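The values are calculated or read from the model by the stated rules, or taken from the named source; none is laboratory data. The structure presented is a predicted model; accordingly, all values stated were derived computationally and were not measured. Cβ coordinates were reconstructed from backbone atoms using ideal geometry, including for glycine residues, and neighbour counts include every protein chain displayed.
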Amino acid sequence: MAGRKINPWLKFGLEFGPLLAFFIAFGRLKARSFSFAGTEYSGFILATALFVPLMVASTLVLWRLTGRLSPMQVATLVLVVVFGGLTIWLNDPRFLKMKVTIIYLMFAGILGLGVALGKSWLALVMEEVLPLTPVGWRILTWRLIAFFLGLAVLNEAIARTMSDQAWVNFKTFGLTVLVFGFFMAQARLFARHAAPKQD
């Protein structure tokens with residue numbers, strides 16, 4: 001079922017607003033700690049406590065306005081709620097950081113399963129905006145699998161060896177730049193394997 005069209009800026013705000021709110025909240029709260037019911041919570045935990053309900057609310061608004069959610073949006077919301085909730089409940093930032101690793105491993109695994117079954121699931125999702133030949137879809141799928149695996153490894157490296165601020169910067173801006181750069185780098189593939197136009 002095709003979703004209803006909404007203003008692209010509104011869509012962008014609903015999809016990325018919670019992440020930007022998390023970035024701003026963390027920047028303001030990172031040097032502070034708060035006590036609640038005898039437990040000390042860092043600014044990271046409080047920023048997460050803001051991020052999770054904002055993510056739920058923005059996703060529900062997006063669903064209400066468009067009439068649909070993509071599988072990726074649903075999976076992202078579930079992982080945010082589960083791992084964000086664990087971060088708050090166990091007072092441990094590692095769980096929210098793990099969410100990024102898991103979601104990229106999941107994307108790589110789903111694409112890999114499609115290849116194993118002889119199906120181009122990437123084409124099912126993207127062929128309306130990016131018509132490619134079957135060979136083009138196969139090449140792009142393998143490249144995306146490698147890219148997602150690389151992002152998972154990179155996230156783990158940054159989460160485990162660098163500061164919370166470095167990870168928040170990477171999550172907010174670095175991942176977006178890397179994804180954009182990846183698709184820009186596929187320009188020759190898109191041109192070489194563009195599907196013939198149908199009259």
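Tabulated data for the structure shown
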{"quantity": "Residues of region 87-120 classified as part of a helix (DSSP H, G or I), of a type outside the set (A, V, I, L, M, F, W, C) and touching a Leu at 6+ places or on another chain (Cβ under 8 Å), total", "calculated": "4"}
{"quantity": "Number of the condition not met by A25 [criteria: (1) under 18 Å from the mean Cα position of the chain (by Cα); (2) surrounded by 15 or more Cβ atoms within 10 Å (Cβ to Cβ); (3) of a type in the set (G, A, S)]", "calculated": "(1)"}
{"quantity": "Close pairs from region 90-111: first over 15 Å from Q73 (Cβ atoms), partner acidic (D, E), Cβ under 6 Å, at least 6 apart", "calculated": "T101/E156"}
{"quantity": "Members of region 20-44 found to be over 13 Å from T87 (Cα atoms), out of contact with any Ser or Thr (no Cβ under 6 Å at 6 or more places or on another chain) and assigned to a helix (DSSP H, G or I), listed by number", "calculated": "L20, A21, F22, I24, A25, F26, G27, R28, L29"}
{"quantity": "Helices (runs of 4 or more DSSP H) lying entirely in region 147-199 (those with 1 or more residues that are under 17 Å from F23 (Cα atoms))", "calculated": "164-169, 175-185"}
{"quantity": "Of residues in region 34-59 being of a type in the set (A, V, I, L, M), within 17 Å of the chain's Cα centre (by Cα) and more than 15 Å from P93 (Cβ to Cβ), the one surrounded by the most Cβ atoms within 10 Å (Cβ to Cβ)", "calculated": "M55"}
{"quantity": "Flag if V115 is touching a Ser or Thr at 6+ places or on another chain (Cβ under 8 Å), of a type outside the set (D, E), modelled with pLDDT under 95 and more than 23 Å from P196 (Cβ to Cβ)", "calculated": "yes"}
{"quantity": "Residue match in region 45-67 (condition: part of a loop (DSSP other than H, G, I, E, B), among the aliphatic types (A, V, I, L, M) and without any contact (Cβ under 8 Å) to a residue 40 or more places away in the chain)", "calculated": "no"}
{"quantity": "Tally, over region 146-171, of residues that are of a type outside the set (A, V, I, L, M), farther than 16 Å from F95 by Cβ and surrounded by fewer than 16 Cβ atoms within 10 Å (Cβ to Cβ)", "calculated": "4"}
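Each row is one residue, and each column tells you yes or no for (1) hydroxyl-bearing (S, T, Y); (2) at pLDDT below 90; (3) crowded, with 18+ Cβ neighbours inside 10 Å.
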residue	(1), (2), (3)
L65	no, no, no
R68	no, yes, no
M72	no, yes, no
T87	yes, no, yes
R94	no, no, no
I103	no, no, yes
G109	no, no, no
V135	no, no, no
